[in-house]
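Taking it in order: structure first as structure tokens, then the write-up.
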Amino acid sequence: MEDIANDTPLTTLLSLLTTSIHTIEAELKAANMPPFTLEPKFHPLDSLDVVPTPRLYEARRVAMAASNMIKALVQDIGTVMMDKSTQSLDQAAYILTADIRILDVFRTDEEKANGLHVDEIVARLPVGKKVDPEKLARCLRLLSTEHWWSEPSPGVFAPLRWALINTPDSSLWARADPVSYGALIGSVAFTEHMTDPTKFDDDSIDTSPFVRGIHRMGMTHIKNWWDWLAYDPDRLERFARSMEGSGYLNLSAIKVDYPWESLPPNTTFVDVGAGQGTVSMHIMKHVYDKVPTLKVVLQDRPQHIEQGKKFWAQELPAALKDGRVAFEVHDFFEDNPRKEPNTIYWFRFVMHDWADSYAIKILKAVRASCHPTSRVLLGETVLLEAIPSSPEESAAVNFENDLRSINNNSPYKPLKAPYPIPQNYAFATKATARYDMLMYSLVNALERTMSNFEKIISQSGFKVDRVYPTRGTSSIIELVPV
Ligand SMILES: C[S@@+](CC[C@H](N)C(=O)[O-])C[C@H]1O[C@@H](n2cnc3c(N)ncnc32)[C@H](O)[C@@H]1O
């Protein structure tokens, strides 16, 4: 196992997998959590308030990367071609099951565990959402190949854990429609848009594969992605709810992997482009008593500010009563009205909506208001390049030792990916690489690598003071004015 020269890629990966799986099981046990199963219920770690230990987090991403790399080694090339060239149909099947609210028809845990015949599933679907049972069976059979569903006997289908993403009315479910559908529309015109030389240097939000795709569908009155959302109140509402979902995504990690407790007294935390201020509300809740002088200001466009007032009144009424939260309409392309010392300007998932020229304008506007003691925090994905690992530096045996030497009570510090897993952890970061494409496809923007960030930061009058990686998909990049 330690002799890399005699090992094949498969046996090296198997060794990584064995180490990471044993670590996952041991960490779950130590935390009094049940083992992972496919049963149709959430695992405690699925909770949006729980963060895995550093050792569990590292083991989990190696397990995901190694198992998928094993697939890349063993799968025959013909099947890969069949699979990849038709992958959008997985998404179509998933959107369908979300749209017809299939989970609603399972009334008891027993029905979920044993499954229902597809005829019964369809009989229970509401009018307007009926589908042909045979065709539905084929969709569910497709999803069963990736363990969303199982088919305990022919034509009988039972949901597994992943199917819960389709839970009606949850903010996770709300994602299924506008974002998935928008991604499909963009894919139709993706190659044509990418190869159009007139679009190479065009930063405009009104030009994107999505816009080209929707125009091709005859909807030439749609200017851009936001315009498309705004045309259908139901779609806009579902998208807003899905934003709440992405507010929760990474939240537990953002709360614990930045030292919020050490904020200086009298800090003003300005949540710029706040949405309803989900993240700032949870940070405030987290340190409400520990940092009693902390104040939050939410800034966004009018409809979001109204939503924010309702959200805070419901979730943290004490902050309103104690005068520790304020709400203001502000266009982040203008100078920021908050100019006092010790201000933190917090931007989460704002930069990724904007191409560089816009992002620089947003940062410059805040720089114009920035006191020398103030800082900017960017809560964003930092994409890693897919650089190969070297066998000498990061053998499987080192990974075992590295995992063992992690102190679960120390601040989180990512491990270097073990050979042969590339430095970006490959499949374990696929969702963020895909989000990079999504931002391009929908709004002509991007997720950024650290060098991409440095480019916009250096042109805006800031420098990077420190980067805090988190056990979620976001990092926190701390900027100081220069
Ligand atoms: C992707 S959302 C992120 C929301 C929030 N920061 C979060 O993490 O949940 C982007 C936000 O930017 C806001 N926004 C867009 N253009 C804006 C502008 N010119 N001025 C202020 N806010 C803007 C949107 O209304 C939206 O709430």
Please give the per residue accessible area of segment 328-432, computed with a probe of 1.4 Å over protein heavy atoms only, in Å². 46 Å²
Counting only DSSP beta bridges with both partners in the chain, the antiparallel fraction in percent, to the nearest 5, comes to 45 percent
Once each part is reduced to its C-alpha centroid, what is the distance from segment 459-475 to segment 375-441 in angstrom? 15 Å
Within straight cross-link reach of residue 71, meaning Cα distance under 14 Å, which aspartates and glutamates are found once same-chain residues fewer than 8 apart are removed? 83, 146
Once fully extended, how much extra length lies between residue 191 and residue 83, figured as 0.36 nm per residue of separation less the alpha-carbon to alpha-carbon distance? 36.9 nm
If I take the Cα coordinates of segment 52-100 and project them onto the principal axes, what are the three extents in Å, biggest first? 37, 33, 9
Eight or more residues apart or on different chains, and alpha-carbon atoms under 24 Å: count the Lys pairs in segment 412-479 matching that. 5
Answer in debye to the nearest 20: the dipole magnitude of segment 173-234 about its Cα centre, from +1 Lys/Arg and -1 Asp/Glu charges placed on Cβ, is 160 debye
With a probe of 1.4 Å, find how much accessible area segment 102-167 has per residue, and write the answer as a whole number in Å². 53 Å²
Can you give the three extents of the C-alpha atoms in the chain along their principal axes, from longest to shortest, in whole Å? 66, 60, 52
Rounded to the nearest whole number, the Stokes-Einstein translational diffusion coefficient of segment 102-167 at 37 °C and 0.692 mPa s (Kirkwood radius, C-alpha pairs) in µm²/s is 281 µm²/s
How large is Rg over Rh for segment 173-234, taking Rg from the Cα atoms and Rh as the Kirkwood inverse mean of 1/r across Cα pairs? 0.98
Using only alpha carbon pairs under 8 Å that are at least six residues apart, calculate the relative contact order of the chain and give it in whole percent. 17 percent
How large a share of the accessible area of the chain, in percent, is made up of carbon and sulfur atoms when the probe is 1.4 Å and the other protein chains stay in place? 57 percent
Relative contact order (percent, whole number), segment 173-234, Cα cutoff 8 Å, 6+ residue spacing: 31 percent
Taking a cut-off of 20 Å between Cα atoms, list the aspartates and glutamates near residue 290, but don't count ones fewer than 8 places away on the same chain. 49, 257, 261, 271, 315, 322
For segment 48-100, what is the accessible area per residue in Å² when the probe is 1.4 Å? 51 Å²
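The values are calculated or read from the model by the stated rules, or taken from the named source; none is laboratory data. Worth saying up front: this structure is predicted, and the values here are computed from it rather than measured. Methodologically, a virtual Cβ is constructed for each residue, glycine included, from the backbone with ideal geometry; neighbour enumeration extends over all protein chains shown. Surface accessibility is based on the protein's heavy atoms, side chains included, excluding ligands, DNA and RNA. Shrake-Rupley method; radii C 1.70, N 1.55, O 1.52, S 1.80 Å.
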